[in-house]
Each structure stands twice: as structure tokens, then as C-alpha cells.
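Before any comments, here is the structure.
The values are calculated or read from the model by the stated rules, or taken from the named source; none is laboratory data. Everything quoted here is computed from the prediction, not taken from an experiment. Glycine gets a Cβ as well: all are built from the backbone with ideal geometry, and neighbour counts include every protein chain shown.
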């Protein structure tokens, strides 16, 4: 590939979505740069960038055609406990990076979240008034506000829960149930999940299409964690009695972290990108390796 071929920059190539997106784009033959805050991972195509540090002097490669911002603090509890530090990362640093890349002529794709809404209503529209109730959601909403000022140069991608294959909580549940042991999922916490591969496919389409504005990616409906656990039990041939749901309050989860709804309207995704998210149960099966 010629050195002057326009490249894509993945900010946060060590993140779950960033790492997978880099792999998919390189497999497709694209010219890719990544950023990492791990010094041992730095090389000619993986640049050092720590959002917790001063990012004003960072030198980006020339001819960046598109940049996907995957980096940031995503844990709700971390944002709640240290709003000042996490806001410097999730808002100030992200905004500075986006502004610099837009000045260079790059299309900026920013990963946001359904947490910009309060969760009181399902199927939130892209232009609904933002109503975050968690610190993480407030930071995402403020980052959206600042990046939106860049106009046509920015695409905001709001995602519900993204599940990776054969890892995480759901796989541990499947393994525990398979051993005949009990699990305790929340009966009052919901998700509208999408597969990691699908989320990355959306980002690849957006890199190619340069579609501006807000694109939302969501499962078609909310399911409780208890419903998911029962589905997994059936899938692995375990007794349903092994699923013993509990209330999130019993585990000390802050009520603002337990929205009644997480779904987002995906009309634009389907109409303008031609992509239909898989069903919730297809996504759950993907996550546990079925």
C-alpha cells in the first residue's frame, strides 16, 4: 500500500471495540493507525496517547481520512467516584482530540452511549432532549454537545450494551450453570445488546460512507438480566431453578445506574446504512459461543 494512501486512526486501539475494529480494517486491507496508553504497545503504526495527560501537543500522522474515538473511561462507578478526573478524560481530552483531527480534515466518529438518556422511555430518538442521570451519562452528553459544534465533520454513534463472544459475565454464567451451580442475576436491570462484530461493522460502514450526525445502534428490545440468565440455562441444558434472581438494590447498585429502558431508535441505521441489528437472543447466543 502506498504511504500517501489516506489512513484511518483508531483512538483507543487497546479497547474492546478499538482492538476489534483495527483487526477487521487491517484484514480488509485498510491503512490503519492506532493509539495506546501502554508504552510497550507503541510502534510505527500504534502511537502513544494517554487521555489522562496533556493531549495538546500530540502529533498525528498526516492524511488521516477518518478517526474513530473509542478511548475513555466507561465504568459508571469510576465516573461516579471521581467525576473530575474522568471528565478531563471523557470530555476535555476527547474534545481536544476531535477538534485537532477535524482541523486536519479528518472525519471524526465518536462512540457515545444510551446513558445520555434517563432510561424512562424506550426507543429514544436521535434528536430527543438529552437527560442523563449518571455521571458517565453527563460526561457523554457534554462530549456530544462539544463535538456537535464541529458540524458535518462529526458522526456520533450511540451504542447500547455491546457483547463480545465467549467472554465476560454471560460466559461465566454459562460455565457456572453448566457445572450445576446457582447464579444470581438482577431481575430489575435490563439491556438491549448488540454483538461486537455488528457494532464494528456499523463503524466500518460509517468510515466508508462519511455519514454525519447521530446514528444509534441498539437491540430491538430490552430484556432483564434474569431473562438472559434463564435463556442461557436453557441453552446449556441447566435446570431453571439454578437461576435465582435478586434485586439490584440488594447488591448496593445506585438506582440511577438501573434504567427502566435502554433501547434506542435505529431507523437511520436501517434506512441509510441498510443494517439491521440481530435479535436480542441471537446476540446472547453469540456472546456465549453458540
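Among the candidates 234, 268, single out the residue that is modelled with pLDDT of 95 or more, surrounded by fewer than 18 Cβ atoms within 10 Å (Cβ to Cβ) and closer than 26 Å to residue 117 by Cα.
Checking each option against the conditions leaves just 268.
If I go through segment 92-113 residue by residue, how many of them are touching a residue at least 60 places away in the same chain (Cβ under 8 Å), touching a helix residue (DSSP H, G or I) at 6+ places or on another chain (Cβ under 8 Å) and surrounded by 24 or more Cβ atoms within 10 Å (Cβ to Cβ)?
Number satisfying all stated conditions: 2.
Out of the residues in segment 240-258 that are in a loop (DSSP other than H, G, I, E, B) and in contact with a helix residue (DSSP H, G or I) (Cβ under 8 Å, 6 or more places away or on another chain), which is nearest to residue 221 (Cα to Cα)?
258
Mind checking which residues of segment 25-39 are over 18 Å from residue 210 (Cα atoms) and part of a helix (DSSP H, G or I)?
Within segment 25-39, 26, 27, 39 meet the criteria.
Given the criterion modelled with pLDDT of 95 or more and more than 18 Å from the chain's Cα centre (by Cα), identify the matching residue among 275, 242.
242
Can you tell me which residues in segment 40-59 are touching a strand residue (DSSP E or B) at 6+ places or on another chain (Cβ under 7 Å) and either over 27 Å from residue 84 (Cα atoms) or in a loop (DSSP other than H, G, I, E, B) (or both)?
42, 45, 46, 49
Can you confirm whether segment 274-281 contains a residue that is free of Cβ contacts under 8 Å to residues at least 60 places away in the same chain, within 25 Å of residue 183 (Cβ to Cβ) and surrounded by 13 or more Cβ atoms within 10 Å (Cβ to Cβ)?
Yes, segment 274-281 has at least one match.
Select from segment 240-253 the residues that are within 17 Å of residue 173 (Cα to Cα) and free of Cβ contacts under 8 Å to residues at least 40 places away in the same chain and write down the one among them that is surrounded by the most Cβ atoms within 10 Å (Cβ to Cβ).
240
Before we move on, is residue 214 surrounded by 15 or more Cβ atoms within 10 Å (Cβ to Cβ), at pLDDT 95 or above and over 27 Å from residue 141 (Cα atoms)?
Taking the combined requirement at face value, the residue does not satisfy it.
Exactly one condition in (1) over 24 Å from residue 165 (Cα atoms); (2) touching a strand residue (DSSP E or B) at 6+ places or on another chain (Cβ under 9 Å) is not met by residue 271; state its number.
(2) is the only condition that residue 271 fails.
Here's the yes/no breakdown for (1) in a helix (DSSP H, G or I); (2) within 23 Å of residue 27 (Cα to Cα); (3) touching a helix residue (DSSP H, G or I) at 6+ places or on another chain (Cβ under 9 Å):
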| residue | (1), (2), (3) |
| --- | --- |
| 202 | yes, yes, yes |
| 215 | no, no, yes |
| 219 | no, no, yes |
| 229 | yes, no, yes |
| 238 | no, no, yes |
| 260 | no, no, no |
| 269 | yes, no, yes |
| 283 | yes, no, yes |
| 290 | no, no, yes |
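Surrounded by 22 or more Cβ atoms within 10 Å (Cβ to Cβ), touching a helix residue (DSSP H, G or I) at 6+ places or on another chain (Cβ under 8 Å) and either more than 19 Å from residue 8 (Cα to Cα) or in contact (Cβ under 8 Å) with a residue 12 or more places away in the chain (or both): which single residue out of 72, 119 fits that description?
Being surrounded by 22 or more Cβ atoms within 10 Å (Cβ to Cβ), touching a helix residue (DSSP H, G or I) at 6+ places or on another chain (Cβ under 8 Å) and either more than 19 Å from residue 8 (Cα to Cα) or in contact (Cβ under 8 Å) with a residue 12 or more places away in the chain (or both) holds for just one of 72, 119, which is 72.
Do we find a residue being modelled with pLDDT of 95 or more, surrounded by 14 or more Cβ atoms within 10 Å (Cβ to Cβ), in contact with a strand residue (DSSP E or B) (Cβ under 6 Å, 6 or more places away or on another chain) and closer than 29 Å to residue 256 by Cβ anywhere in segment 22-38?
no
Please determine, by comparing only the residues of segment 136-159 that are in contact with a strand residue (DSSP E or B) (Cβ under 6 Å, 6 or more places away or on another chain) and more than 15 Å from residue 106 (Cα to Cα), which one is surrounded by the most Cβ atoms within 10 Å (Cβ to Cβ).
By that ranking, first place goes to 140.
Answer yes if at least one residue in segment 76-91 is crowded, with 19+ Cβ neighbours inside 10 Å and part of a loop (DSSP other than H, G, I, E, B), and no otherwise.
No.
How many of the residues making up segment 145-172 are in contact (Cβ under 8 Å) with a residue 60 or more places away in the chain and not in a loop (DSSP other than H, G, I, E, B)?
10
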